[in-house]
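Asks: Pasting a structure here, questions to come.
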Amino acid sequence: MAVGDDATTAVALPETVAEARAHLFGEHELYFVPIRHHSPACAFALRHLLREVRPAAVLVEGPDDLEHLLPLLRDERTRTPVALLCQTTRKAGGSDASGEEKPGQEVRSSFFPFCDYSPEWIAVREGAALGAQVALIDLPWRSKAWLRGDGDDEAARSQMEERHLAHSRYLGAMAARLGCVDHNELWDRLFELRDADLLKDWRSFFGDVFAWCAMARLDYEPEVLEAEASLPRERHMAGHLRRWRQSVQGPIVVVTGGFHTSEILARWAQAEPVTPGGNGNEETGAWLIRYSFERLDALNGYAAGMPSPDYYQRVWEQFEREVPHPDPNSPFASVAIDCLTRFAQATRAGDQVDAASTASVQAAAVQAQRLAVLRGHAGPGRQDLLDAIRSCFIKGAADEGTRGFNAELRRFLGGTRIGDVPPSAGSPPLLEDARRLARAAGVRLDDSTPRQVRLDLYRKPRHRERSRYFHAMAYLDAGLAKCTSGPDFLGNSRLNLLLEEWQAAWSPLVEARLIELAADGASVEAVCLAKLRREEAALAQEGRGRSAGAAVMLLLRACLIGLHARLPQLFAMLAAHLDEDASLASVVNCGHRLMTLWRSREPLGVQQHPQLLALLERCWPAALFLLPDLGHGDESAEEGAVRQLLSLRELARLLAGLASEDGVAAIEQTPFWAQLDRFASDIAISPAVSGAAAALLYLDGQWDERSFELALRQRFAPGATPRDAVRYLGGVTAAAPELLLRLPELLRSLDDFLTTWDEASFIAHLPDLRQSLTRLRPQESAQLAERVAELHGLGQGDALLTFHHDVSEADLREGSALQEQLRQALLRSGLAAWLQEPA
């Protein structure tokens, strides 16, 4: 017995598989139909089987607790791709398959997708049209969701996984033997590329599919299949079949993934009859939702079915016509030519460098046809088409530079089609509200292609509304849109930008996430408010010791997502946190965020909130109250303390700039300068904080050069430790690195102090010394080197002052290695004296 019709594909089958194949059709009026999910060939052959057998019942692999949704699949207004979305929430105290306790609640989601050429879709629609009873027979989703304990099920996944076929050693060996790229090309060659007349011979076709899948199953031990839930599912499906056979007269067609067919065939006669049911310790919801080709594409990570759904949709449409062709490969050739023409047009429309010409299209069409003949295909298949496009459309080597082309080709063959469901599908109110707002924001609900959206936040109120919707969906992790450019109000950066840019696309994952959130509210605003209030409660539980910075982030978030009705409560909450916050970093951060909010009042919609100005004015005295403790931290906290000091000084500068606006009082900076003076003058203060304070006092005009020089002498005087001196220099350069060039006394004091170090001290503190000087720009570093050289009597003509700014890091490493080799050679030759510097 063999799979295939000719010598190139014939493969001997074990007797057990050959014997099982003989029992697929007709015994006990049962017809076992092994399929590959989303296969046009399987769907076409199944349609002819159903019309010939005219069954009394059609049993389909699918969760039996979703049977109530089958009428929606039969509704004429349902347009594929669509999917049954299942979500299960397990209550606290549950455990996974390994017995490990899972506290709290878990939510697991899964899709059961359909497209026009899904055999399951044909089974449901065609079976009902023929008057058959249609039922789902797999394990209930609410039970199956918790069978696997691998911890990765919290992400929405497919219930039609075919990973067994992808990882089969048998199929891999067969693909290698026939010169196929992978199991997908192997499947195409053996099954999809049969002409319509051969597919109508469904006995032969499904017999071959059964053999293909049964051979793949031989790679797996029973223990593996039990652990990953294949055997429990197959026992359940066999039990369903036993019950149906006992209660229904007439033919029964059983449509399951080919990997499961052999086990169900072997078990059903001895199986215990089962009825639909499940575990009551969890809550289950299920909906018919719109799905997309992008999500369906196996190349995008989908674990079941065929890649390139738009390509196979066009193959299916050719089969649907059922018009006799004089040339049996013409359906495949027609699809290939159509794809080549449309892809070439897409490359031209996209202004690609390698835009395809008409001559390239003609050459690719000829090559695809010749490849099909060479490979023994009935016509140009998907892989023939891919090879022809890459050969004729790409100019030059197919290397890293063609990644964009290949990605575009994959997207093109995958398609962007999104299905539709009837109003009776009963979407949660949250989903309907999100769709309404998406349409108002200009997002297409019938296409999953990401599109660029540019919003003028300052001049167009309508654009601000759209921005708030995108921010709200991002806040809910809905996956609708991603901000790619524009002001970052939360991160306090890029505030000079006036336009905001987003990449937005509606997808089934968006709908799945919204359904998951539906219990929190009936609108996007309500769900956002519920999440914000949970964050407020969590912040309240943490206490108010270091919370002003976190509280102001909630305030900013509310403005971004349009929850302006909540602002009075948030302002009051922030005021309470600000009064009790004991962290200078948190208070200063709060001041900067409020400053951002004040400067961006128009786009953030807070023009009418006088509390904002009042809070701004309270930040300054709150920060001054906490400032004295900044100078008493240990060395590990110095860098953060200096950053806080500089940030506070910047906040003072911003607040002082507000005094020119009506109704804004000028801040009093004298207490700030007085505290800086104490930091700079007290030898017990952290050296880095002291250095930064001295630099700021000089920059603000509170100290003259004489005062600064006295502080420098104190820190660089004989008896000062090298470590403290380097820390002091780090504080100075963090605040104002240019002072090394502006104040000769600073450079001279540092140079004099360095000459007192021995070699060990210099090497020990060199990394920190270099770190302090990295704050200088390259040109400033060159000027500093010249000043140091002048202090030591060196001039412009000396080699030490020859700079090569175009030398790369690799050049420097190579030069250092060469210098070391030279030094070693001199030492070996007894010329160590040559290495001594001249007196």
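Asks: Out of Gly491, Gly521, Gly543, Gly549, report the one residue that is without any contact (Cβ under 8 Å) to a residue 24 or more places away in the chain and more than 25 Å from the chain's Cα centre (by Cα). First the steps, then the outcome.
Replies: On the way: Gly491 fails: more than 25 Å from the chain's Cα centre (by Cα); Gly521 fails: without any contact (Cβ under 8 Å) to a residue 24 or more places away in the chain; Gly549 fails: without any contact (Cβ under 8 Å) to a residue 24 or more places away in the chain.
Being without any contact (Cβ under 8 Å) to a residue 24 or more places away in the chain and more than 25 Å from the chain's Cα centre (by Cα) holds for just one of Gly491, Gly521, Gly543, Gly549, which is Gly543.
Asks: Same structure, new question: Quick one: in the range 231-265, which of the residues that are in a helix (DSSP H, G or I), among the hydrophobic types (A, V, I, L, M, F, W, C) and open to solvent by 10 Å² or more (accessible area, probe 1.4 Å) is farthest from Glu52 (Cα to Cα)?
Replies: Initial filter on the range 231-265 (in a helix (DSSP H, G or I)): 231-247, 258-265.
Subsequent filtering for residues that are among the hydrophobic types (A, V, I, L, M, F, W, C) retains 231, 237-238, 241, 244, 259, 264-265.
Adding the requirement that they be open to solvent by 10 Å² or more (accessible area, probe 1.4 Å) leaves 231, 244, 259, 265.
Values: Leu231: 31, Trp244: 21, Phe259: 25, Leu265: 21 Å.
Checked the range 231-265; the qualifying residue farthest from Glu52 (Cα to Cα) is Leu231.
Asks: In the set Ala725, Ala674, which member is surrounded by fewer than 20 Cβ atoms within 10 Å (Cβ to Cβ) and over 46 Å from the mean Cα position of the chain (by Cα)?
Replies: Numbers: Ala725 fails: surrounded by fewer than 20 Cβ atoms within 10 Å (Cβ to Cβ).
Just a single option satisfies the conditions, and that option is Ala674.
Asks: With the structure loaded, tell me whether Ala474 is free of Cβ contacts under 8 Å to residues at least 24 places away in the same chain, over 14 Å from Ser600 (Cβ atoms), open to solvent by 10 Å² or more (accessible area, probe 1.4 Å) and part of a helix (DSSP H, G or I) or whether it fails that test. Walk me through how you get there before you give the answer.
Replies: Numbers: free of Cβ contacts under 8 Å to residues at least 24 places away in the same chain: yes; over 14 Å from Ser600 (Cβ atoms): yes; open to solvent by 10 Å² or more (accessible area, probe 1.4 Å): yes; part of a helix (DSSP H, G or I): yes.
Yes.
Residues checked against (1) closer than 21 Å to Gly491 by Cα; (2) more than 28 Å from the chain's Cα centre (by Cα):
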| position | (1), (2) |
| --- | --- |
| Ala530 | no, no |
| Ala538 | no, no |
| Leu554 | yes, no |
| Pro568 | no, yes |
| Glu580 | no, yes |
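Asks: Something else: Scan Ser467, Ser485 and give me the residue that is hydroxyl-bearing (Ser, Thr, Tyr), open to solvent by less than 60 Å² (accessible area, probe 1.4 Å) and farther than 23 Å from His564 by Cβ.
Replies: Numbers: Ser467 fails: farther than 23 Å from His564 by Cβ.
Only one candidate passes the filter, namely Ser485.
Asks: Considering only the range 602-621, state which residues are part of a helix (DSSP H, G or I), under 29 Å from Ile561 (Cα atoms) and either small (Gly, Ala, Ser) or out of contact with any strand residue (DSSP E or B) (no Cβ under 9 Å at 6 or more places or on another chain) (or both).
Replies: Residues of the range 602-621 part of a helix (DSSP H, G or I): 602-604, 611-621.
In the following step, the residues that additionally are under 29 Å from Ile561 (Cα atoms) were identified as 602-604, 611-620.
Passing the criteria: Glu602, Leu604, Gln611, Leu612, Leu613, Ala614, Leu615, Leu616, Glu617, Arg618, Cys619, Trp620.
Asks: Follow-up. In the set Leu696, Leu712, Leu740, which member is closer than 21 Å to Leu646 by Cα, crowded, with 17+ Cβ neighbours inside 10 Å and within 45 Å of the chain's Cα centre (by Cα)?
Replies: Numbers: Leu712 fails: within 45 Å of the chain's Cα centre (by Cα); Leu740 fails: within 45 Å of the chain's Cα centre (by Cα).
That would be Leu696, the only listed residue that is closer than 21 Å to Leu646 by Cα, crowded, with 17+ Cβ neighbours inside 10 Å and within 45 Å of the chain's Cα centre (by Cα).
Asks: Scan the range 215-230 for residues that are under 17 Å from Leu24 (Cβ atoms) and either out of contact with any helix residue (DSSP H, G or I) (no Cβ under 7 Å at 6 or more places or on another chain) or open to solvent by 10 Å² or more (accessible area, probe 1.4 Å) (or both) and jot them down.
Replies: Narrowing the range 215-230 to residues under 17 Å from Leu24 (Cβ atoms): 215-217.
Correct list: Met215, Arg217.
Asks: Out of the range 401-416, which residues are modelled with pLDDT of 80 or more and of a type in the set (Gly, Ala, Ser)?
Replies: Those that are modelled with pLDDT of 80 or more and of a type in the set (Gly, Ala, Ser): Ala407, Gly414, Gly415.
Asks: For the range 765-792, give me the residue count where each residue is open to solvent by less than 30 Å² (accessible area, probe 1.4 Å) and among the hydrophobic types (A, V, I, L, M, F, W, C).
Replies: Going through the range 765-792 one residue at a time, the tally reaches 5.
Asks: Can you confirm whether Gly172 is closer than 30 Å to Pro273 by Cα and either surrounded by fewer than 17 Cβ atoms within 10 Å (Cβ to Cβ) or at pLDDT 85 or above (or both)?
Replies: Values: closer than 30 Å to Pro273 by Cα: no; either surrounded by fewer than 17 Cβ atoms within 10 Å (Cβ to Cβ) or at pLDDT 85 or above (or both): yes.
Spelling it out, it is not the case that Gly172 is closer than 30 Å to Pro273 by Cα and either surrounded by fewer than 17 Cβ atoms within 10 Å (Cβ to Cβ) or at pLDDT 85 or above (or both).
Asks: I've got another one for you. Tell me, please, whether a residue that is without any contact (Cβ under 8 Å) to a residue 60 or more places away in the chain and more than 21 Å from Gln313 (Cα to Cα) can be found in the range 26-42.
Replies: Filtering the range 26-42 for residues without any contact (Cβ under 8 Å) to a residue 60 or more places away in the chain gives 26-27.
Okay, now just the ones that are also more than 21 Å from Gln313 (Cα to Cα), so 26-27.
Yes, the range 26-42 contains a residue that is without any contact (Cβ under 8 Å) to a residue 60 or more places away in the chain and more than 21 Å from Gln313 (Cα to Cα).
Asks: Considering only the range 488-520, state which residues are surrounded by 18 or more Cβ atoms within 10 Å (Cβ to Cβ) and touching a Cys at 6+ places or on another chain (Cβ under 9 Å).
Replies: Residues satisfying the conditions are Phe489, Glu500, Trp502.
Rundown of residues vs (1) open to solvent by less than 50 Å² (accessible area, probe 1.4 Å); (2) closer than 22 Å to Leu648 by Cα, yes/no style:
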| residue | (1), (2) |
| --- | --- |
| Leu554 | yes, yes |
| Leu560 | yes, no |
| Ala582 | no, yes |
| Leu604 | yes, no |
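Asks: Quick one: how many residues across the range 797-837 are over 23 Å from Glu780 (Cα atoms) and modelled with pLDDT under 75?
Replies: 5
The values are calculated or read from the model by the stated rules, or taken from the named source; none is laboratory data. Note that the structure is predicted; figures quoted are calculated from it, not measured. Virtual Cβ from ideal backbone geometry, glycine too; neighbours counted across all protein chains shown. Heads up: the accessible areas ignore ligands, DNA and RNA and are worked out on the full protein's heavy atoms, side chains in. Shrake-Rupley method; radii C 1.70, N 1.55, O 1.52, S 1.80 Å.
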